[in-house]
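Note sheet for the following structure.
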Amino acid sequence: MRRPFPAAAALLPVLVLTACGATPAATDTAAVAGSSAVAAAGQDVVSGVRKVDAVAALLPEEVRRAGTLRLGGAVGSPPTAFYPDPATRKAAGLDVDVADAVAGVLGITVQHETAAFETILPALGSGKYDVGTGNFGVTAARLKSVDFVTYIDDGQGFAVRKEDTSLPPVTDLVQLCGLTIGTGVGTTFESTLNARKNVCTDVGKKPYEVKAYSDGGALLTSLRQGKVDTVMSTINGLRYQASQPASGTRFLSEFHRLDVGFAFKKGSPLTPAFQAAVNQLIKDGTYDRILRKWGTEDSAVTESRINPPEHQ
């Protein structure tokens, strides 16, 4: 269905704003990622993946000859994509492992290039990248201009300060009337919130206010300082953040699930090969190992799909 998430924030996990949303500007996240994510980054679960000729044969001939694809990937924080060691600027995370495992099945090399989330989908259309990752949620709006091959089920959720017990699990945006919600710039969270502000005025209540941040650290700081009442971001990212003892946040609730997938320009000939490769990883157990490594087993899918309809 992206990511994942300053003085106070430098000691804390950064919010992941990736699935269905934008990744904050790449930050030095070795210190903020949490020891569990750094330890997970050192676990190799994909180097044993081998080429499957029948799947590789689905690639266009020119790709098989070249042996490489260009991947534009957003890097934010765990579990989606982050820098365990900012000195090396080598990304790790769920998106990275799945992409590398798919490349193994296809017998090619994926050239990872870090890119700002909001630039990746347009860059697919221009041909700068062959494939994009950023925990992109599959939405009806995106399906008009982008093709997807799904590999996980994530979505939209809410978090609050750990000590805040005033807000119950959010099942309807009308519960947020009069509050201030923080989220990421250019995300589906931002568009969802802005498009539905009328739910408050329709029932005679004060609209909620949306504050969008381009930096995950600034968003987390705003939550901790009470400048926003709640944060809307990815389910997996918020759950991971809340699991870190120093985060000071509490996962509040899921709101809307979304499939998440590799993104391609519309009509890309690469989608059948990527779908078959993901399904091969599900079949041979590599997929389960990747999800266990990053603690995202609850987001597993049973099969990869091309351009599924948005979850309702």
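The residues of region 247-306 that are in a loop (DSSP other than H, G, I, E, B) and of a type in the set (Lys, Arg), listed by number, are LYS266, ARG305. Taking region 264-302, which residues are aliphatic (A, V, I, L, M) and buried (at least 19 other Cβ atoms within 10 Å of the Cβ)? LEU270, ALA273, ALA276, ALA277, VAL278, LEU281, ILE290, LEU291, VAL301, listed by residue number. Here is the figure for region 33-92: residues that are in a helix (DSSP H, G or I) and of a type in the set (A, V, I, L, M, F, W, C) total 10.
Note on region 246-276: residues that are at pLDDT 95 or above, among the hydrophobic types (A, V, I, L, M, F, W, C) and within 22 Å of ASP97 (Cβ to Cβ) total 8.
Residues are listed down the side, and each one gets a yes or a no for (1) modelled with pLDDT under 95; (2) under 24 Å from the mean Cα position of the chain (by Cα); (3) not acidic (Asp, Glu):
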position: ASP154; (1), (2), (3): yes, yes, no
position: ASP172; (1), (2), (3): no, yes, no
position: VAL185; (1), (2), (3): yes, yes, yes
position: GLU190; (1), (2), (3): yes, yes, no
position: THR201; (1), (2), (3): no, no, yes
position: TYR208; (1), (2), (3): no, no, yes
position: LEU223; (1), (2), (3): no, yes, yes
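In region 267-286, the count of residues that are within 30 Å of VAL160 (Cβ to Cβ) and more than 18 Å from the chain's Cα centre (by Cα) is zero. Using the structure shown, decide if ALA39 is of a type outside the set (Phe, Trp, Tyr), in the same structural domain as LEU270 (by TED's automatic domain parsing) and buried (at least 19 other Cβ atoms within 10 Å of the Cβ). No; evaluated as a whole, the condition is false for this residue. For region 218-234, taking the residues that are touching a Phe, Trp or Tyr at 6+ places or on another chain (Cβ under 8 Å) and in a helix (DSSP H, G or I), the one that is surrounded by the most Cβ atoms within 10 Å (Cβ to Cβ) is identified as LEU220. Checking each residue in region 247-265 for being among the β-branched types (Val, Ile, Thr) and more than 12 Å from the chain's Cα centre (by Cα) picks out only THR249. Within region 75-106, the set of residues being modelled with pLDDT under 90, surrounded by fewer than 23 Cβ atoms within 10 Å (Cβ to Cβ) and either over 19 Å from TYR240 (Cβ atoms) or under 14 Å from the mean Cα position of the chain (by Cα) (or both) comprises ALA87, THR88, ARG89.
The values are calculated or read from the model by the stated rules, or taken from the named source; none is laboratory data. The shown structure was predicted, so the numbers you read here are calculated from the model rather than taken from an experiment. Neighbour counts run over all protein chains shown; Cβ positions are idealised from the backbone, glycine included.
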